[in-house]
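One structure is given below, encoded as structure tokens.
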Amino acid sequence: MNKRIVLPFALSALALLLNGCGGESAKINEDPTKGTTGVTSNTSCDVNTSTCLQFATDYPIAGLNFDCSTDIVHHFATKLDSNTVTGACKLGDTATFYIQGVESPKISLGAINLDNISKLKMPTLARIRVIDLAMALTGKTPTTLDMTDDTISVAVALIRIFQSLGAENGDNVIGDIQPTEITQEKKNQLANISGSIGAAELISGQYAGILKPWIDVSSISDTEALEILKQLLNLSNTAVWTADLPVFKLGSGSSSSTTTSPDGFFGCNVDYSKCVDASVSNLLHSMGNFLLLTDRQGYILGYGQQWMGAATITNNRVLPPYYLTSLVKPQKIQLKTQNDWLNPFTYFLNTNKPLSFSASADPLNDLTIKQGRFMNQSTISGTEGFYRGLVKMKDSDKVDTSHLGQWQQTTSNQSFKGAIDIVKVNQASFLSKDIFRTKLNVESGQSYIFPLYATLTIRFDEAAKLPPVDLGIMIDEFGDIRTDIRKDYTATDMSGNCATAEPNPDGTYTDQYGETQYRIGTTGATLFSINDKSITVRMLLSNPKFETIDGVMFGINFSTVSGAKINLHNLLVGQADGINLTNFSNNTVVWSNQYAFYQAAYVGLYDRLDKDKDKYVAPTAEERELAKRWTGVVSIKVADQNKPACKSIKIKS
């Protein structure tokens, strides 16, 4: 293999945060902002300017009316562009949403202060969620995902309306989220209802009777709509989550003018304010980075690296903490997969069940992220200076410190604590039924594809001198990806039996043969063209069971070459083995192993030393082998079609 790629691990999140990134929809589809230069049917401002906030709706429904508070002349409506329904108002506006025809009663959908969504343009497109509309209508944040909560009742009512409109248009079956549009003709028919609808009617249930001349919502129950609400809440948080090393953190004696810069993932064995204080005896630094994925069912998975060691003090000054990465080995920190780590209504991390990383076999050494809140829907700040920049606060404004990202860990009889910045990028979108065909969204007698069983072949760079590994996977009907590894697997053949499996509370699955299967990724979006009908995929293998491929990741989508998509065109037209895996430029997908990459960096540094070598810990033979397998290529094929359970094309009875 002659292709090698260095992903920008150290600066990935920070580069995206500072420079902006369009996410999956902008990477493989037509840019939804193309041709937009100001006031249009769905934008009150030029979305390419820093003062204009473009937003997407989590439920892809076009034709929702909205007004922007700073534009007293024009009215707007959401519009479907590619795989996203968007609108735009100026930053700081109040956007008032509703459905109304010419001289007709109105369905009020709430007035949202966009400052509560995002105070800045961020790499990830801002989202107006159904739950945000519901909170705007009731003025209350829900405390539980239950119909006894008024705000949840309102959200469920809105979903019943949207689903029923889509079903009437033939855009979706009940239970499936697909784009639909409320046409002007349909909105004009609101003249047939007896009166306007607001929060009171939505909470009481009276809306169903009032709306019946316009749309019958009885085709979907409250229970079914509540399940869709859960899907939407998970979908809004299906993304890549990154934390980076303290590349901007300065040492002692440095200017304070850069306090608005992010500190990254950094801490020490004393109070954080003294982490670069040269007067502290036995000052130890700890820092790290990670890449995590969330799937469409709300689970988060992944791993990271950590560097721990003595601070470097020269001439009574602490050198910038990042210097430690050139002195000590990286250690792997393994995230414990969970689905209750984030409050979907408030964006606060769950302090009762914090994100926890295993740093060793001893759970007492776990590193936990004990608090933080995602601001602008996308970023946790670990420091007050960075936080003020994110939310446009004055220096005199008081920061709510419960919003700041903080972590803690006890190891080697030392207690560490510190700050952490976490950035959310590359959100997922709905999956078009034209490509993502499941039993739910096709008619009887029609073919469907998902769940789809397949085999990945993971090949190593030549330096590793290792045979390729086959890994069985399954892309399920939700769009999430798990392993399908047979019981008698070997280190190089982990292909599967196309087994059914039941989920476990810890995020794993137990298949019909008693074998444990693992969540390894999800799908991002769909792409439809004449010869390319694809789903984007993002995968991250993070469990010792994977042996030589533990740590492999691809489809993270920080660049064109780091994206990945499965073309299903031939499969959709009846060719049972018709799939292939490419990057967004239709070239071979290159995988990377972040932990092996940093091990390779340390091995290279150690081998180049010509003095003071005794001050470094020599790499072990195992670490040297790991360092060789930091990259390679990956391909895909459907599972063995001779096995009935593996059939890639199925017919709905």
Legend entry - region 322-337 - residue that is assigned to a helix (DSSP H, G or I) and of a type in the set (S, T, N, Q) and, of those, nearest to Gln306 (Cα to Cα): Thr325
Inset, instruction - Considering (1) under 17 Å from the mean Cα position of the chain (by Cα); (2) in a strand (DSSP E or B), say which one Gln305 fails and leave the rest. - result: (1)
Legend entry - Single match in Ala56, Ala77 (criterion: over 22 Å from Leu390 (Cα atoms), surrounded by 14 or more Cβ atoms within 10 Å (Cβ to Cβ) and among the aliphatic types (A, V, I, L, M)): Ala77
Inset, instruction - Might you check whether a residue that is in contact with an Asp or Glu (Cβ under 8 Å, 6 or more places away or on another chain), touching a residue at least 60 places away in the same chain (Cβ under 8 Å) and in a loop (DSSP other than H, G, I, E, B) occurs anywhere in region 310-321? - result: no
Legend entry - Unmet requirement for Thr143, which otherwise passes all of (1) closer than 30 Å to Asn339 by Cβ; (2) at pLDDT 95 or above; (3) in the same structural domain as Thr124 (by TED's automatic domain parsing): (2)
Legend entry - Residue count, region 522-539 (criterion: of a type in the set (D, E, K, R) and either in a loop (DSSP other than H, G, I, E, B) or under 13 Å from Gly563 (Cα atoms) (or both)): 2
Inset, instruction - For Asp146, indicate whether it is in a loop (DSSP other than H, G, I, E, B) and not basic (Lys, Arg). - result: yes
Inset, instruction - Tell me, yes or no, whether region 99-117 has at least one residue that is out of contact with any helix residue (DSSP H, G or I) (no Cβ under 8 Å at 6 or more places or on another chain) and either under 20 Å from Leu211 (Cβ atoms) or part of a loop (DSSP other than H, G, I, E, B) (or both). - result: no
Inset, instruction - State which residue is nearest to Thr383 (Cα to Cα) when the search covers only region 186-244 and only residues that are among the small types (Gly, Ala, Ser) and touching a Pro at 6+ places or on another chain (Cβ under 8 Å). - result: Ser236
Legend entry - Test: residue in region 102-113 that is touching a residue at least 60 places away in the same chain (Cβ under 8 Å) and among the basic types (Lys, Arg): yes
Legend entry - Selection within region 490-521 - of a type in the set (A, V, I, L, M) and either assigned to a strand (DSSP E or B) or over 19 Å from Ala454 (Cβ atoms) (or both): Ala491, Met494, Ala501, Ile520
Legend entry - Among the residues listed as Gly198, Gly175, the single one being within 18 Å of Leu137 (Cβ to Cβ) and under 34 Å from the mean Cα position of the chain (by Cα): Gly198
Inset, instruction - Kindly check whether there is at least one residue in region 156-179 that is in contact with a Pro (Cβ under 8 Å, 6 or more places away or on another chain), under 21 Å from Asn65 (Cβ atoms), touching a residue at least 12 places away in the same chain (Cβ under 8 Å) and in a strand (DSSP E or B). - result: no
Inset, instruction - Could you run through region 80-90 and say how many residues are among the small types (Gly, Ala, Ser) and surrounded by fewer than 24 Cβ atoms within 10 Å (Cβ to Cβ)? - result: 1
Inset, instruction - Tell me, yes or no, whether region 368-390 has at least one residue that is without any contact (Cβ under 8 Å) to a residue 60 or more places away in the chain, among the polar types (S, T, N, Q) and farther than 30 Å from Asp612 by Cβ. - result: yes
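Per-residue answers, yes or no, for (1) among the polar types (S, T, N, Q); (2) in the same structural domain as Gly139 (by TED's automatic domain parsing); (3) touching a Ser or Thr at 6+ places or on another chain (Cβ under 8 Å); (4) surrounded by 19 or more Cβ atoms within 10 Å (Cβ to Cβ):
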{"site": "Asp271", "(1), (2), (3), (4)": "no, no, no, no"}
{"site": "Leu293", "(1), (2), (3), (4)": "no, no, yes, yes"}
{"site": "Asn316", "(1), (2), (3), (4)": "yes, no, no, no"}
{"site": "Pro330", "(1), (2), (3), (4)": "no, no, no, yes"}
{"site": "Trp341", "(1), (2), (3), (4)": "no, no, no, yes"}
{"site": "Asn352", "(1), (2), (3), (4)": "yes, no, no, no"}
{"site": "Pro363", "(1), (2), (3), (4)": "no, no, no, no"}
Legend entry - Lone qualifier among Asn2, Asn29, Asn19, Asn48 - being farther than 24 Å from Ile99 by Cα, modelled with pLDDT of 90 or more and surrounded by fewer than 23 Cβ atoms within 10 Å (Cβ to Cβ): Asn48
Inset, instruction - Kindly provide the set of residues from region 581-615 that are hydroxyl-bearing (Ser, Thr, Tyr) and farther than 30 Å from Ala454 by Cα, ordered by number. - result: Tyr598, Tyr602, Tyr606
Legend entry - Residue list for region 180-192, filter: in a loop (DSSP other than H, G, I, E, B) and either crowded, with 20+ Cβ neighbours inside 10 Å or without any contact (Cβ under 8 Å) to a residue 24 or more places away in the chain (or both): Ile182
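The values are calculated or read from the model by the stated rules, or taken from the named source; none is laboratory data. Owing to the predicted nature of the structure, the values given are computational and were not obtained by experimental measurement. Note: ideal-geometry Cβ built from the backbone for every residue, glycine included; neighbour counts use all protein chains shown.
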